[in-house]
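Novice: Mind having a look at this structure? Questions to follow.
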Amino acid sequence: MNYPKLLLFFALIGWSSFGQAQELTERKWLVDENSSIIINGSSNVNDFACSMQSPPKNDTLLVNFEEKNDIIKFHNTDLFIKTSCFDCQNNLITKDFQTTLQAEEHPEILLSFVALEIPKNPKETLEQLNGEVKITIVGVSRYYRIKFDVRRNNDDYLYLAGKKEVSFNDFGLTPPRKLAGFVRVNNELEIDFNLSLLPVINETF
C-alpha cells in the first residue's frame, strides 16, 4: 500500500487521523441538504434541466475503503434519489421526463461512487481525480469513468463534483416525442452532481 499517496488524499478530505492506515476501513458521511443533482437534456425545440428537489432518501453513508494498485475502491456508497423528485421547471416536461424514467415502476435512481485513482506522482494535484461511478436508472446499471473535482474548505465539508454524458439508450429507454413527432427529445443527457459531504470521524463502527 502506498501510504504517502493515501496520506495526501485523506489529508485533503479532512481525515487527519489517518496515522493508522490499516485500521481505516470504514467512515460515516452525512450528505448535506444543499447537495444537488441535475439532469440536463435538450430537444429540437429547447434545452431543459431537471433538478433534484429533495435530498437523497439515505442522507448518511457508511463508506468502506480498499486500496489496491493506486486505486481506492468504495463500497456502500449508493445514493437513492426519488425519480419523482426531479423538477424540469415545466409541468409538461417534468411529466414526460418522469414517465420516460418509469417513476412509478422504478421510483429510485441510484448514484454510486465506485473508485478513485490516486496520481502516480504524489506531487500532482488531488483536487481533480479520475474515478468511476455507477448510475442505475429503471433498474439498469451502467459504469462510467469520470473526472471528480474534489475540494475541502475550512468548514470541514468535502465537496465532490462531477458531470457525465449518458444517453437514454444506455438504459434501454427511448427519448420521448410529442405532437406527432414534431417535438423530439435528443438521446444525450448530462448528469451533473455537486455533493456536500460531512465526515463523522469520532465514531467507531
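The values are calculated or read from the model by the stated rules, or taken from the named source; none is laboratory data. All of these numbers come straight from a predicted model, not from anything done at the bench. Because the Cβ atoms are built from the backbone with ideal geometry, glycine has one as well, and the counts that use them run over all protein chains shown. Note: areas computed on protein heavy atoms with side chains; ligands, DNA, RNA excluded. Shrake-Rupley method; radii C 1.70, N 1.55, O 1.52, S 1.80 Å.
Novice: If I go through region 80-91 residue by residue, how many of them are over 15 Å from Ser51 (Cβ atoms) and either open to solvent by less than 50 Å² (accessible area, probe 1.4 Å) or assigned to a helix (DSSP H, G or I) (or both)?
Specialist: Adding up the residues that qualify gives 0.
Novice: Tell me, which residue of region 25-39 that is surrounded by fewer than 17 Cβ atoms within 10 Å (Cβ to Cβ) and not β-branched (Val, Ile, Thr) is nearest to Gly162 (Cα to Cα)?
Specialist: Ser36
Novice: Just checking, which of Asn187, Asn130, Asn153 is more than 19 Å from Pro56 (Cβ to Cβ) and modelled with pLDDT of 90 or more?
Specialist: Asn187
Novice: Moving on. Could you run through region 150-181 and say how many residues are on the phi < 0 side of the Ramachandran plot and either touching a residue at least 60 places away in the same chain (Cβ under 8 Å) or acidic (Asp, Glu) (or both)?
Specialist: Total satisfying the criteria: 13.
Novice: Any idea how many residues of region 92-105 are open to solvent by less than 60 Å² (accessible area, probe 1.4 Å) and not aliphatic (A, V, I, L, M)?
Specialist: Total satisfying the criteria: 5.
Novice: Turning to a different aspect of this structure: Looking at the structure I just gave you, is Ile118 over 24 Å from Leu189 (Cα atoms), modelled with pLDDT under 90 and surrounded by 15 or more Cβ atoms within 10 Å (Cβ to Cβ)?
Specialist: So Ile118 fits the description; yes.
Residue-by-condition table, conditions (1) exposed (fewer than 14 other Cβ atoms within 10 Å of the Cβ); (2) of a type in the set (D, E, K, R); (3) in a loop (DSSP other than H, G, I, E, B):
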{"position": "Leu129", "(1), (2), (3)": "no, no, no"}
{"position": "Val133", "(1), (2), (3)": "no, no, no"}
{"position": "Tyr143", "(1), (2), (3)": "yes, no, no"}
{"position": "Ile146", "(1), (2), (3)": "no, no, no"}
{"position": "Asp155", "(1), (2), (3)": "yes, yes, yes"}
{"position": "Ala161", "(1), (2), (3)": "no, no, no"}
{"position": "Leu173", "(1), (2), (3)": "no, no, yes"}
{"position": "Arg184", "(1), (2), (3)": "no, yes, no"}
{"position": "Asp192", "(1), (2), (3)": "no, yes, no"}
